[in-house]
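Structure first, then comments.
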Amino acid sequence: MKLNRKDLLGIQELSVEEINLVLDTAESFLEVSTREIKKVPTLRGKTVVNLFYEPSTRTRTSFEIAGKRLSADTINISTSTSSVVKGETLIDTAKNLEAMNPDIIVIRHSAAGAPHILAGLLRQSIINAGDGAHEHPTQALLDMMTIRSKKGRIAGLHVAIVGDIAHSRVARSNIHGLSKMGAHVSVAGPATMIPRDIEKMGVRSYTRIEEAIRDADIIMMLRIQTERECQSIFPSLREYAQFFSLNRRNIDLASKEVLIMHPGPMNRGVEISPDIADGPRSIILDQVTNGVAVRMALLYLLTGGGNP
Amino acid sequence: MKLNRKDLLGIQELSVEEINLVLDTAESFLEVSTREIKKVPTLRGKTVVNLFYEPSTRTRTSFEIAGKRLSADTINISTSTSSVVKGETLIDTAKNLEAMNPDIIVIRHSAAGAPHILAGLLRQSIINAGDGAHEHPTQALLDMMTIRSKKGRIAGLHVAIVGDIAHSRVARSNIHGLSKMGAHVSVAGPATMIPRDIEKMGVRSYTRIEEAIRDADIIMMLRIQTERECQSIFPSLREYAQFFSLNRRNIDLASKEVLIMHPGPMNRGVEISPDIADGPRSIILDQVTNGVAVRMALLYLLTGGGNP
Amino acid sequence: MKLNRKDLLGIQELSVEEINLVLDTAESFLEVSTREIKKVPTLRGKTVVNLFYEPSTRTRTSFEIAGKRLSADTINISTSTSSVVKGETLIDTAKNLEAMNPDIIVIRHSAAGAPHILAGLLRQSIINAGDGAHEHPTQALLDMMTIRSKKGRIAGLHVAIVGDIAHSRVARSNIHGLSKMGAHVSVAGPATMIPRDIEKMGVRSYTRIEEAIRDADIIMMLRIQTERECQSIFPSLREYAQFFSLNRRNIDLASKEVLIMHPGPMNRGVEISPDIADGPRSIILDQVTNGVAVRMALLYLLTGGGNP
């Protein structure tokens, strides 16, 4: 089976079959990163450009490692060293890259929809590595891969997502994906951080973490954007942590076998207490490992590879 | 035939035969970037250092892609992450790089002559990727390659270069190259942006864009450096655009088959109107594609490769 | 013989046999960088991460070139483009990298002990590329390699180290290494820049450069950190240079065959006069060349390679 798409822009437009194809392919690539020689020749002679308009260690590194383990040539462009300084438009930058004949452009941008604009203009495959508060599809795919491999399934599970739901592309992509895959999603956060029409997405919404995580099989904590939001939306980090932190007190409300996820980077002591982050129920680092495999799978599938 | 030079520092010192050798070799490399597997083993085990003291997306990316498609190891050094912060001299940085045995050092520097200093001191090949307002030879070579491939020749063509001629290394390198190759070059720009002795270079000089582009076969628009010049040299961007922009009004003064070039990044609506930049006569993106091929050709020729 | 260590954290814990193993292996790798094709397949499919929390051209470039010449995949992470911006802890960043299955993490950090924390937590090999004022073991190894190859031995030589001994990780690592290898080490610097208990390390301490370099076989000048120290510790750069610069006046106090070293980047005219830095007794650039070989040796030995 092949992925009949030029681009990966969001989870919203993926079918259940497509999500399963990506997850199955990613699982078959997991093994490459555990070999003595962690490299396969699959993408030799392909060029992958990582075009990052926002800073990122883990996502950029994950894509770069994924590309290199498939033998692709990887090119990093970040705003700090780019001609963005000179005021060129995103479209001109993209058209210029297109003219250099890369195969895939991975883009992170603060504006929702930026990857879609590129996808419509360029003949190359575009992968959305996070666009504003819109989508972060590779994160949701690695999250679903992690849940599926730890729990054996996604359908029927209760997943609680806690934090700033309204401004989180991670939440949005996961809500789309988990709902499609048959999970029951609930969210919790301060009222100012919950979108008004969230229930139309088939999601239960709470303003207390205790309600959302009660009986949850999976708790996904979101990073609170300490650098921008707390001044205006919420009184203080301490108050946020008091009501919405996952910690030893409230975790027992969830299922005994609950697993804890976080897309990182974590604010320890704010949205998650360190003993939970590092505890036996945390699968946060599995997410990171699976992230490389999911990105390998996407680079492979978008350049025409298929799953037997 | 081989290029009997250690370095590529400027167009001024190249012979017509050398320019033709580079363009012919570049044309033979164009095809590599269109293959399924865009990679040849030509430069395996060679090290190419991109030493950029000024920010750049397109030129650095173009050199990096060129190096990787030839299987060279590429190393990027940019001022923002370099020990330039610690105040080391250019010469000490270069001597240190030399001691690590790279094969080619590509340098961009705000000081005219910086690549020449390195070329005189180091045993490695130096490629000038832009030095102050002096030369930008790889840009002129890719421009000449583009003209030659689109028009079938350079000799006898009328080429108009419009903008800040005095401060443009692109203009300087192109004037040297195009004149050598037998084209008729005219320039236009505000009086403060035209070098006084430009006519000694065999160039016609105008202060109105209309005069320069009349009957031109090629119009090369230069980027106006909005970040530095306009305060002091020219009243305002709007006034500049009013008199020196290429747009629907004035383009009809040129030949019917006129082709439009721009080295990028473009200031749309300042020196060029969007409909011209994206119109059927624009060959701006061909320039970018040819840029990778020209850089592959230079990396190949400077490491001893020859053209059959 | 093999290096029975997971990590290279400092010279202090290395045995004489281990130091000799690294130097012997490095000498055998020197030749790779002089070949026509400067590449061996030794580390194909291995991933080396350069995690730099302080800016550096030469050390990062040296490690990157070393990795690439061994065919490893190299990934650069520097603070300016990293999620350090987002306030993640060093440990979380490291655990995340671990989850992506690199083979070696090279770390430079302003905090002494940072590499040791990583070494204790991660299954990957950690190489200390400089931690605060603590150690810079690859620098000391390349220095010892350079001395041994130029003088034929280390034991019995008189080595003078001049500058800010108290804040220099280069000095500390070299004192450990050179003493172990049987050299006689003396240091000189302003009283505020000499650690109080330096003589317990078996080192003679002077407050005049003339005393330290008298009869020295090797003089190792340290970089004065002009950007931070001089305001508080020392009256002025001019005064520092007057008393502690190596120059034509004082160099004759040393042995006739004295050799001059500097870890770079140099402040010409401050700690060293240009004619000395570029003179016939300077082996400063040999240090740089040997640096690539030492780093190749360590990448090789830490991934399980042995010396025949």
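Of A:116, A:262, the residue with the largest accessible area leads and the full order is A:116, A:262 (1.4 Å probe).
Counting heavy atoms of the protein chains alone, residue A:74 has an accessible area of about 10 Å² for a 1.4 Å probe.
When DSSP assigns beta bridges and you keep just the ones with both residues in the protein assembly as shown, what percent turn out antiparallel, to the nearest 5? Of those bridges, close to 5 percent are antiparallel.
My understanding is that a pair violates if its Cα-Cα distance is over 26 Å; which of B:6/C:38; A:2/B:68; B:46/C:95; B:39/C:95 do that in this structure? Table pairs above 26 Å Cα-Cα are A:2/B:68; B:46/C:95; B:39/C:95. Here's the picture: charge each Lys and Arg Cβ at +1 and each Asp and Glu Cβ at -1 in segment C:1-94, and of C:45, C:21, C:93 the one pushed furthest to the positive end of that dipole is C:45.
At 1.4 Å probe size, put C:176, C:158 in order of accessible surface, largest to smallest.
C:158, C:176
The alpha carbon gyration tensor of segment A:131-256 gives principal lengths a ≥ b ≥ c with a/c of 1.5 or higher and a/b no greater than b/c, which makes the shape oblate. The largest accessible area among B:17, C:271, C:13 belongs to the first residue in B:17, C:13, C:271, and the rest follow in falling order (1.4 Å probe, all chains). Compute the angle between helix C:284-302 and the longest alpha-carbon principal axis of chain C, please, reported from 0 to 90 degrees and rounded to the nearest 10. So the helix axis and the longest Cα principal axis differ by about 30 degrees.
Rounded to the nearest 10 degrees, the angle from helix B:137-151 to the longest Cα principal axis of chain B is 60 degrees.
Mean-square fluctuations from a GNM of chain C, with a 10 angstrom spring cutoff on Cα atoms, peak among C:96, C:267, C:76 at C:96. Take every DSSP beta bridge with both residues inside segment B:37-190 and express the antiparallel ones as a percent of the total, to the nearest 5. Beta bridges within segment B:37-190, antiparallel portion: roughly 5 percent. Extension gain for residue C:24-residue C:121 works out to 31.9 nm (0.36 nm per residue, less the C-alpha to C-alpha distance). Applied to segment C:190-198, the Karplus parametrisation 6.51 cos²θ - 1.76 cosθ + 1.60 on θ = phi - 60° returns per-residue 3J(HN,Hα) values of x, 3, 5, 10, 10, x, 4, 9, 4 Hz, with x for Gly and Pro. Taking a ≥ b ≥ c as the square roots of the eigenvalues of the Cα gyration tensor, an a/c ratio of 1.5 or more together with a/b no larger than b/c marks the protein assembly as shown as oblate. Just C:37, C:105, C:272 to compare: in a GNM of chain C, with alpha carbon springs under 10 Å, which one fluctuates most? The residue that fluctuates most here is C:37. A simple spin-label model places the labels of residue B:257 and residue C:210 8.2 nm from each other, with each point 7 Å out along Cα-to-Cβ. From the alpha carbon centroid of segment B:237-267 to that of segment A:232-304 is 54 Å. Under 5 Å from the amide H of residue C:282 lie the amide H atoms of C:260, each residue being 5 or more positions distant or on a separate chain, with H modelled from the backbone and absent for Pro and chain starts. Taking other residues whose beta carbon is less than 12 angstrom from the beta carbon of residue C:246, and scoring Lys, Arg as +1 and Asp, Glu as -1, yields 0. Residue B:60 sits with roughly 20 Å² accessible to a 1.4 Å probe, with DNA, RNA and ligands left out of the calculation. The phi-based Karplus calculation (6.51 cos²θ - 1.76 cosθ + 1.60; θ = phi - 60°) puts the 3J(HN,Hα) values of segment C:157-170 at 6, 9, 10, 9, 10, 10, x, 8, 4, 5, 9, 9, 6, 5 Hz, whole numbers, x for Gly and Pro.
Ranked highest first by the average count of other Cβ atoms within 10 Å around their residues, in what order do A:291-301, A:159-169, A:1-11 fall?
In decreasing order of mean packing, A:291-301, A:159-169, A:1-11 become A:291-301, A:159-169, A:1-11.
Summing Lys, Arg as +1 and Asp, Glu as -1, what charge do residues with Cβ under 12 Å from the Cβ of residue B:138 carry, residue B:138 excluded?
Taking every other residue near residue B:138 into account, the sum is +2.
Once you've got the GNM for chain C with C-alpha springs shorter than 10 Å, pick whichever of C:222, C:141, C:121 has the biggest mean-square fluctuation. Maximum among the listed residues: C:121.
Give the calculated FRET efficiency between residue A:1 and residue C:238 to the nearest 0.05, with a Förster radius of 60 Å applied to their Cβ-Cβ distance. It comes out at approximately 0.25. Each residue was assigned an accessible area with a 1.4 Å probe, and for residue B:150 the value is about 100 Å².
What does the C-alpha gyration tensor say about the overall shape of segment C:1-71? Classify as rounded when a/c is under 1.5, otherwise prolate if a/b is larger than b/c, or oblate. Taking the square roots of the gyration eigenvalues as a ≥ b ≥ c, segment C:1-71 is oblate.
Between the alpha-carbon centers of segment C:97-164 and segment B:11-51, tell me the distance in whole angstrom. For segment C:97-164 versus segment B:11-51, the Cα centre distance is 39 Å. Taking a Cβ cut-off of under 12 Å around residue B:21, the surrounding Lys, Arg, Asp and Glu residues balance to a net charge of -2, with basic ones at +1 and acidic ones at -1. In chain B, the DSSP beta bridges split such that about 5 percent are antiparallel, to the nearest 5. Placing a pseudo-label 7 Å from each Cα along the Cα-to-Cβ vector at residue A:153 and residue C:307 gives an inter-label distance of 6.0 nm. 3J(HN,Hα) along segment B:23-32, derived from phi through the Karplus expression 6.51 cos²θ - 1.76 cosθ + 1.60 where θ = phi - 60°, amounts to 5, 5, 5, 4, 4, 6, 8, 3, 5, 4 Hz, with x in place of Gly and Pro.
The values are calculated or read from the model by the stated rules, or taken from the named source; none is laboratory data. For clarity, every value in this text was computed on a predicted model and none was experimentally measured. Note that we place each Cβ from the backbone using ideal geometry, even for glycine, and neighbour counts take in every protein chain shown. Surface accessibility is based on the protein's heavy atoms, side chains included, excluding ligands, DNA and RNA. Shrake-Rupley method; radii C 1.70, N 1.55, O 1.52, S 1.80 Å.
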